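Report on one structure; see the data block that follows.
The values are calculated or read from the model by the stated rules, or taken from the named source; none is laboratory data. Since the model is a prediction, treat every value here as computed from it, not as a measurement. Note that we place each Cβ from the backbone using ideal geometry, even for glycine, and neighbour counts take in every protein chain shown. These accessible areas exclude ligands, DNA and RNA; they are computed on the full protein's heavy atoms, side chains included. Shrake-Rupley method; radii C 1.70, N 1.55, O 1.52, S 1.80 Å.
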Protein chains: 2
Amino acid sequence: MKIIIIGGVAAGAKTAAKAKRMLPDAEVHIYTKDNYVSYSACGMPYYIAGDFRDWHMLLIRSIEEFEKSGIHIHIRQLVTKILPADKKITVKDIDSEQWQFVEYDKLVIATGAVALNPPFMESRYTNVFTLRNLDDGIAIKNAMDKAKHITIVGGGYIAVELVEAFVKNKKKVTLVEKAPFILSMFDEDISSVIQDYILENSDSLVKILSGDTVAELVGDENSVKDVITSKGYGFETDMVVVSTGVRPAVDLAKEAGIILGQTGAIKVNSRMETNLPDVYACGDCVEKINMVSNLPVWIPLGSTANKEGRVAAINVTGGVEDFEGVLGSTVLRYRDLNISRTGLTEKEAVQAGFDAVSVVITKRDKAGYMPEVKNVTLKLVADRRSHRILGAQAIGCGDADKRVNTVSIGLLQSITVEELIDADLTYAPPFSTSIDILISAAQILKSKLG
Amino acid sequence: MKIIIIGGVAAGAKTAAKAKRMLPDAEVHIYTKDNYVSYSACGMPYYIAGDFRDWHMLLIRSIEEFEKSGIHIHIRQLVTKILPADKKITVKDIDSEQWQFVEYDKLVIATGAVALNPPFMESRYTNVFTLRNLDDGIAIKNAMDKAKHITIVGGGYIAVELVEAFVKNKKKVTLVEKAPFILSMFDEDISSVIQDYILENSDSLVKILSGDTVAELVGDENSVKDVITSKGYGFETDMVVVSTGVRPAVDLAKEAGIILGQTGAIKVNSRMETNLPDVYACGDCVEKINMVSNLPVWIPLGSTANKEGRVAAINVTGGVEDFEGVLGSTVLRYRDLNISRTGLTEKEAVQAGFDAVSVVITKRDKAGYMPEVKNVTLKLVADRRSHRILGAQAIGCGDADKRVNTVSIGLLQSITVEELIDADLTYAPPFSTSIDILISAAQILKSKLG
């Protein structure tokens, strides 16, 4: 059996490795236009920050290791067409520009996502960047070393991780975000607190222009020198990183007749099968089901890509495994602040048709007398009718993310507010208060529900 | 309505505060033989360690604060009898030795637990201690300051917390534990690793004599000078702390005709009612239900005591609230090592009649390239027939406890191995690997189950 995988970062690399383990006799090939396979894209902000020196540490499995385990890696190979009737793809060698047909028994599309670039990106400027692949990360780090002032366009989680990286390197940062607050995947009562924390803990290096967009980049032949915003602000900059979101890389699939979902990503069933026989898709290019709302969503994340790659590999090689969906669980760090969420925000819950009720409380993460005690702020969202917990958001310099992961398991089984109160969470003074913030929040939510 | 509460540490203090909030017109009294109420007993090892200087920080609510909120506190008052037919108790003032009757409409027994003292405790020695109340903690700290070598008898979690405290203060410690390994609430494949870690990270100050007991304490008129063990070891010591477990303080209740459960603790229903009308019990003196095995257990913990106090208060004041049970969730720290468990150990699962299957894996707690990455070892136990997860144990210098809390929520709803694989846990390089150890363990367990 010949298994062809298009894309080799998280989902593609995982599919290849798992498929070869499941079916050692199979011929497994990865085709990628990239220079690298199997690397931690999520780790690039920490490489840029200087948390570790050598970008090779981001490589999870080298090409040599893949080859040694019998998986064939074809880098700098652009797949230009899928011919499902013939069970073939056409591949162009980026260097030689030569074309070839490659046959498959099973095809796995793991093309990932591409940056959603605003109009000013189509420019001649060499100091304007996006952060998608490893080469981008290396280029941004090199440019950062020479820059004094960096502009970030967009305020999602990669943007915040880059703010941390640049501040750590003592760079001035101006972030331009079109929404009223950065991190719009959080409710505004939470994201406004995050934004304040960043501004107050940035060594006076960070400015956030929210509710504004970049109108124009002004520069000479090669380099941007000034940024002008829609509200009329103008400032000098040494480099610009555009992080205004991504879209699923589906052009190839769409052209081959593969059905896309309403989010614009590839529609697959729980076995990661597309509508075409023997064609699977996984990772950032596919649509997922939100297990709380049961609605299709597109949330590209490395953790999900890995899980989908595993499920695709099992099914491709003749096994049976299902991928049930996602909860929108996310975590990020800004210096000492942990920021995380799972399930639906209050806004998302209302949009999904729930009668949402919520509570926001701040409490210590450990016993008050412990020297390392910090605060955590937790927002818990429930459905007024069923009392079902719909989601949690937590921020704090203490252990915020562990509370969110705890809730996430409850979401898998539609836990109610009353059931969450019965939780028996571990307690010792260095780890929590005797009544954990999660239980306190559930108790308050119960009173609110009456 | 007159509510009398016997005992004022965790469960008693919580009951009083909550009852007064629920029913402000009620007359609420706490009677305690202790000198203090409402303090964090769990915090005493950290006070002894010197993590904070002032033991008053352990007081959660002062007597003045209670009185201000209309709750009457009677310290140094020993309740000697419950007369349920008359709805009265008899109380002896420890200082004046005077007796009085006190009437109640509702009585709440929160007498806690008492140390299980081995025979050699009945001695004249002033340098032999147990750690139960605040005065004990203060006395141990004062004695520790003058000691060079300390003997700990017993190897439960308080013993381990004391080892940490003494090592932090550069004291030599010899711990005598009758079982083959300390921390017998863990399976031996886990507790043996913990024991090794302690020995290897004790600045050569700690010796553990396991599989041995104290046969004799030898000393002069007032002080122990030497310890002799059953295996014949003898060594000099400056002080001894006995931490060989506790038993529920039920003598008062038993004498009044209150039914005890098979664990020897007071039997209550989910509303914290005893068999006697208008007599409730909560905290360390009551038996609990293990929500995994549905068997009665006696696990005295501050977190449970607080929850039971809340439930007792709601029911005492005319509301309706149930306490469903416990999961045996526990966490402790030895220096950088986090140690935690929830649900059943493999041994407990077998004893409870399950066909237990388990996996033990070690994995990084964060992305491998992050500077603060550490290992976590996780043991996951499931039932072979139903595939239901029965419990988890985690140890590691990384975030071990958060994995255990995550499992604990699943235990509330009898999560299966397959369902746990669907968990969508938060991922970012500073917080976890892209496939968290919990998911990896569940995947391996699934293969084992076939």
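Before moving on, here are some points about what is shown:
- Rounded if a/c under 1.5, otherwise prolate or oblate - region A:7-148, Cα gyration tensor axes: oblate
- If you take all other residues with their beta carbon under 9 Å from the beta carbon of A:Ala349, and give Lys and Arg +1 and Asp and Glu -1, the sum is -3.
- Inter-centroid distance (Cα atoms) of region B:114-180 relative to region B:201-217, Å: 12
- Counts of other chain beta carbons within 10 angstrom of each beta carbon in peptide A:175-187 average 0.
- Electrostatic bookkeeping for A:Glu177 treats Lys and Arg as +1 and Asp and Glu as -1; over the other residues with beta carbon under 13 Å from its beta carbon, the sum is +1.
- Peptide A:304-310 has a mean shielding of 3, counted as Cβ atoms of other protein chains within 10 Å of each residue's Cβ.
- Using the alpha carbons alone, the radius of gyration of region B:319-450 stands to its Kirkwood radius in an Rg to Rh ratio of 0.99.
- Model label sites at A:Arg384 and A:Asp54, defined 7 Å from Cα along the beta-carbon direction, differ in position by 5.9 nm.
- Other-copy label distances relative to B:Lys207, 7 angstrom Cα-Cβ extension, nm: 6.8
- For region B:269-340, the relative contact order comes to 33 percent (Cα pairs under 8 Å, sequence separation of at least 6).
- Modelled this way, with points 7 Å down the Cα-to-C-beta line, the labels at B:Leu199 and B:His72 are 5.7 nm from one another.
- Region A:275-388: C-alpha gyration tensor shape, a/c 1.5 cut-off, then a/b vs b/c: oblate
- Most fluctuating residue given options A:Val381, A:Val246, A:Val292, as computed from a GNM of chain A linking Cα atoms under 10 Å: A:Val246
- Calculated FRET value between A:Asp86 and B:Met22, using beta carbons and R₀ = 56 Å, to 0.05: 0.15
- Position B:Gly450: other-copy label points at 5.5 nm, ordered by increasing distance, label point 7 Å along Cα→C-beta.
- Position B:Arg271: other-copy label points at 5.3 nm, ordered by increasing distance, label point 7 Å along Cα→C-beta.
- Amide H contacts of A:Val108: A:Ile4, A:Ile5, A:Ile6, A:Tyr280, each under 5 Å away and 5 or more positions distant or on a separate chain (H built 1.01 Å from N in the peptide plane; Pro and chain starts excluded).
- Within the shell of other residues whose beta carbon sits under 10 angstrom from the beta carbon of A:Val268, the net charge comes to 0, with Lys and Arg scored +1 and Asp and Glu -1.
- Over chain B, relative contact order from alpha-carbon pairs under 8 Å, at least 6 apart, %: 13
- Rounded to the nearest 20, the size of the Cβ-charge dipole of the protein assembly as shown about its Cα centre is 80 debye, with Lys and Arg at +1 and Asp and Glu at -1.
- Region B:391-449: equivalent-ellipsoid semi-axes (sqrt of 5 x gyration tensor eigenvalues, Cα, Å): 18, 13, 11
- Calculated [222 nm] ellipticity per residue, helices only, for chain B: -7500 deg cm²/dmol; basis is -39500 (n - 2.57) per DSSP H run with n ≥ 4, divided by all residues, nearest 500.
- Taking every lysine pair in region A:331-449 that is 8 or more places apart or spans two chains, those with Cα atoms closer than 16 Å amount to 10.
- Sorted from greatest to least, the principal axis extents spanned by the alpha carbons of chain A come out as 66, 57, 39 Å.
- Trypsin sites (Lys or Arg not before Pro) lying in DSSP loop within region A:24-62, provided at most 10 other Cβ fall within 10 Å: A:Arg53
- Here each label is just a point 7 Å from Cα along the line to Cβ, and for B:Asn35 and A:Ser270 those points are 6.3 nm apart.
- Whole-percent carbon and sulfur share, accessible surface of region B:210-306, 1.4 Å: 47
- Within chain A: Cβ-based charge dipole about Cα centre, in debye rounded to nearest 20 (Lys, Arg +1; Asp, Glu -1): 340
- The mean count of C-beta atoms from other chains within 10 Å of the C-beta of residues in B:390-402, rounded to a whole number, is 2.
- Rounded to the nearest 100, the interface formed by chains B and A buries 5400 square angstrom of accessible surface, both chains summed, with a 1.4 Å probe.
- Pairs of lysine residues in region B:117-244 that meet both criteria, 8 or more places apart or on different chains and Cα atoms under 17 Å apart, total 24.
- Charged side chains reduced to their Cβ positions (Lys and Arg at +1, Asp and Glu at -1) give region B:49-148 a dipole of some 280 debye around its Cα centre.
- Cα-only radius of gyration and Dmax that characterise the protein assembly as shown, units Å: 30.6, 103
- In loop segments of region A:67-176 as defined by DSSP, the GluC sites (Glu not before Pro) with at most 16 further C-beta atoms inside 10 Å of their C-beta are A:Glu97, A:Glu122.
- Listed by chain and number, the lysines whose C-alpha is less than 18 Å from the C-alpha of B:Lys88, apart from same-chain residues fewer than 8 away, are B:Lys2, B:Lys33, B:Lys106, B:Lys254.
- Carbon/sulfur fraction of accessible area - region A:331-449, other protein chains in place, 1.4 Å, %: 45
- Centre separation in Å (Cα based) which lies between region A:272-343 and region B:278-293: 42
- Three-way shape label, region A:228-286, alpha-carbon gyration tensor, a/c 1.5: prolate
- GNM top mover of A:Ala115, A:Ala313, A:Ala265 - chain A, alpha-carbon springs below 10 Å: A:Ala115
- Using a cutoff of 8 angstrom between alpha carbon atoms and counting only pairs six or more residues apart, the relative contact order for region A:331-449 works out to 29 percent.
- In the context of the full set of protein chains, the protein assembly as shown has a per residue accessible area of 38 Å² (1.4 Å probe).
- Span from the region B:369-432 Cα centroid across to the region B:434-450 one, whole angstrom: 10
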